[in-house]
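One structure is given below, encoded as structure tokens.
The values are calculated or read from the model by the stated rules, or taken from the named source; none is laboratory data. Quick caveat: nothing in here was measured; it's all calculated off a predicted structure. Here Cβ is always computed from backbone atoms with ideal geometry, including for glycine, and neighbour counts include all displayed protein chains. We work out accessible area using only protein heavy atoms, side chains counted, and drop any ligands, DNA or RNA first. Shrake-Rupley method; radii C 1.70, N 1.55, O 1.52, S 1.80 Å.
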Amino acid sequence: MKKVHTLVIGSGAAGLAAALRLHAEGVKNILLVSEGLRRGTSINTGSDKQTYYKLGMYGSEPDAPELMAASYFDNGSCHGDVALIESALSVRCFMHLVNLGVPFPCDSLGQYIGYKTDHDPKRRATSCGPYTSKEMCLALIRAVKAAGIPIREKCTVARLITLRRRAAGAVIFDNVKKSFDTVLAENTVFAVGGPGGLYAQSVYPCGHTGAIGLALARGAAAQNLPESQFGLASIKFRWNVSGTYMQVLPRFISTEQDGSGEREFLRDCFRDDARLNSRVFLKGYQWPCDVRKVPDGSSIIDMLVHRETASGRRVWLDFRSNPAGLDFKAISSEAREYLERSGALSGTPLSRLLKMNPGAVSLYRDHNIDLAKEPLEVAVCAQHNNGGLAGNIWYESVNISHLFPIGEVNGSHGVARPGGSALNAGQVGAFRAAEFIARSGNDDPLSVEAAERAAARAQKELETLLRGRRSWQDDRRELQARMTRAAGHLRRPDELGKEVRAAKKLVRAIEREGYLPGAGENGLINAQLAFAHWAYLSAILFQAEAGVGSRGSAAVLDKDGKIVPEDVSFRKKVLETRFDGQKFVHRFVDCRPIPHEDGWFETVWAEYRNGDVYRK
Ligand SMILES: Cc1cc2nc3c(=O)[nH]c(=O)nc-3n(C[C@H](O)[C@H](O)[C@H](O)COP(=O)(O)OP(=O)(O)OC[C@H]3O[C@@H](n4cnc5c(N)ncnc54)[C@H](O)[C@@H]3O)c2cc1C
């Protein structure tokens, strides 16, 4: 068995940054293990204008870490100390990316311009176009390679090794050789991304499944698992239809499964076309479904699209002709002025899109969808999980030492988050974890013999798992359908109990029966996905039964299908979830406030010099 100082699992924007920072901090003997440098969400996704969130630093508009932290914290169910850290380190992490060559725009005076994104009172957001996270990955990959950090690709981590609440490395499946081996590690940076494989209707890149289930199965505490983000996305090629895709006012049509019976279904639900088109326009910059914007806001569009698809019909955006009844004079002044100023107050949705954002058309053409010739199929899809594993202020798991969940798998966000803060959080987590690993000292060195024994046992179990009789495709379909049905943007507590029991049954069946030989990494991924879907459903049921109500992107429905209002007192609490070996244990803990540090330079300097800053 190989032993390294720090094992980094995952090569998205977060994992790459962690490997690079560890190296810069002087940590020797790092190994970066991943399914592939071209795998994961960061390098394969984007949006109309993919956003990165950081402290404002343009012109004379004042900003400060505590103000930015409040933008995280005020959305509720968020720990204030972590919010402050993600704010305080945002400039450092952003500039690190700038210095690596990520083309974030600045003016002739070197000022980094920003714009307002959702849940953002300032102009803290920036972007380098549709592919911000891809640009970040490409720059980070160049730097990781230049630093000579060892990378192992085409591998699926199948089990985390833990010794009495201490991380000890991982059992790895080589996807080419189809065999297992183990890497023991003093520290494990866990950067496996969001739970992309959990939902049937998803805008996570195809093939990105995430691996939070590996840590949940070892008892790592999680937080805010129910707080996911859903929104409208195209499904043939997975992409958010936000921004200009909505602002150009496409026709929303639905058809039977075979494409027949086309109709503009949204018109049935609106008193007048002007109101309908104004809502569609708003959806452009109010992309995630938000239960506060139902029924009198833009998220009514998500609900109506979902109702149509749930009834068995397919929904499409047609950019080739205008919606029936479109009258530019009658739409909201906001929409009209925007289109007028963009020189796009005429023509078809496609001509407006070509005028306002030609890249939005070529993007689909590059993926074999010609918006001039065909409509675009859409659905309400899972896009992001604000929750994830629970970390402390150094991004170390709160209950498994030497395990550092960073990036989307770390649940540092609350009910809502400013757009772009996921990318910031991943970079900050990488910096914090690397610094802590490099500088805090290790008073609990790994017991190699015990770790080897645990790894050998785990490897045996995994080999048995792949000599079974189940079909991984059937199980994947089952769990994804269950999550979309029960844990999407509409949740029915009276049906959730049954779904939790079915999820547990699937986990136990997989443990008992294993997968047909040949399932390989897909069987291993299923095992952790199934475990994760049990955890998510259990947390969602607990939250609904506790009376939290509808919030964020998800509406809780009562027996009559009515939206249960939110109990806002729960915004002061974070929901923690942990597996105790038999069942999931959930509890609400109070949000830690934003620390207000009125620091004194000499004192802080002394604490920094003698390493007190690293005592947790
Ligand atoms: C359509 C869309 C638009 C988005 N837009 C924005 C935006 O505008 N702003 C923003 O801030 N965020 C946005 N996000 C979210 C953001 O892109 C992600 O949260 C972020 O990229 C996650 O980065 P990560 O490094 O944590 O994970 P990822 O980039 O997903 O990387 C995970 C890595 O782990 C590897 N991995 C996973 N499981 C295993 C395993 N078992 N073994 C080995 N390796 C494994 C993967 O292969 C991959 O290398 C968007 C997301 C989507 C889907």
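Tabulated values for the structure
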quantity: Solvent accessible area, Å² - Ile30, 1.4 Å probe, full protein context; calculated: 10 Å²
quantity: Exceeding the 21 Å Cα-Cα cut-off - candidates Lys283/Lys329; Lys28/Lys145; Lys236/Lys373; Lys122/Lys572; calculated: Lys122/Lys572
quantity: List Cys106, Cys137, ordered by accessible area with a 1.4 Å probe, largest first; calculated: Cys106, Cys137
quantity: Square roots of 5 times each gyration tensor eigenvalue, C-alpha, the stretch 534-616, largest first, Å; calculated: 39, 18, 8
quantity: Amide H contacts of Ala555 (H built 1.01 Å from N, under 5 Å, at least 5 apart or other chain); calculated: Leu490, Arg491
quantity: Radius 13 Å from Cβ of Arg501, net charge of other residues (Lys, Arg +1; Asp, Glu -1); calculated: +4
quantity: Zero-based 20 Å bins, Cα pair distances in the chain, whole percents; calculated: 20, 55, 24, 2
quantity: Helical segments meeting 20 Å axial Cα length and Kyte-Doolittle 0.0 threshold in the chain (DSSP H); calculated: 132-146, 421-439, 520-546
quantity: Cα gyration tensor shape for the stretch 230-382, rounded if a/c is under 1.5, else prolate or oblate; calculated: rounded
quantity: Over the stretch 230-382, relative contact order from alpha-carbon pairs under 8 Å, at least 6 apart, %; calculated: 34 percent
quantity: Set of aspartates and glutamates near Lys2 by C-alpha distance (under 15 Å), chain-local residues within fewer than 8 positions excluded; calculated: Asp174, Asp181, Glu186, Glu449, Glu452
quantity: Prolate/oblate/rounded call for the stretch 249-334, Cα gyration tensor, a/c under 1.5 rounded; calculated: oblate
quantity: Whole-angstrom gap from the stretch 285-346 to the stretch 43-95, using each part's C-alpha centre; calculated: 29 Å
quantity: Whole-number percent relative contact order across the chain, with pairs defined as alpha carbons under 8 Å at least 6 apart; calculated: 21 percent
quantity: Order by protection proxy (mean Cβ within 10 Å, highest first), peptides 326-337, 450-461, 158-169; calculated: 158-169, 450-461, 326-337
quantity: Surrounding net charge for Ile400, when Lys and Arg each add one and Asp and Glu each subtract one, Cβ distance under 9 Å; calculated: +2
quantity: Cα-only Debye scattering, the stretch 451-596: base-10 log of I(q)/I(0) at q = 0.10 Å⁻¹; calculated: -0.45
quantity: Heavy-atom SASA rank of His119, His384 (probe 1.4 Å, accessible area, largest first); calculated: His119, His384
quantity: Accessible surface, per residue, of the chain when the full set of protein chains is kept, probe 1.4 Å, Å²; calculated: 40 Å²
quantity: Cut-off 14 Å between beta-carbons: net charge of the residues surrounding Ala458, Lys and Arg +1, Asp and Glu -1; calculated: 0
quantity: C-alpha center-to-center spacing [the stretch 101-180, the stretch 532-594] in angstrom; calculated: 29 Å
quantity: Backbone HN-Hα couplings from phi across the stretch 406-413 [Karplus 6.51/-1.76/1.60, Hz, Gly and Pro as x]; calculated: 10, x, 5, 6, 8, x, 7, 9
quantity: Accessible area of the stretch 230-382 belonging to carbon and sulfur atoms, whole % at 1.4 Å probe; calculated: 47 percent
quantity: Three-way shape label, the stretch 364-446, alpha-carbon gyration tensor, a/c 1.5; calculated: prolate
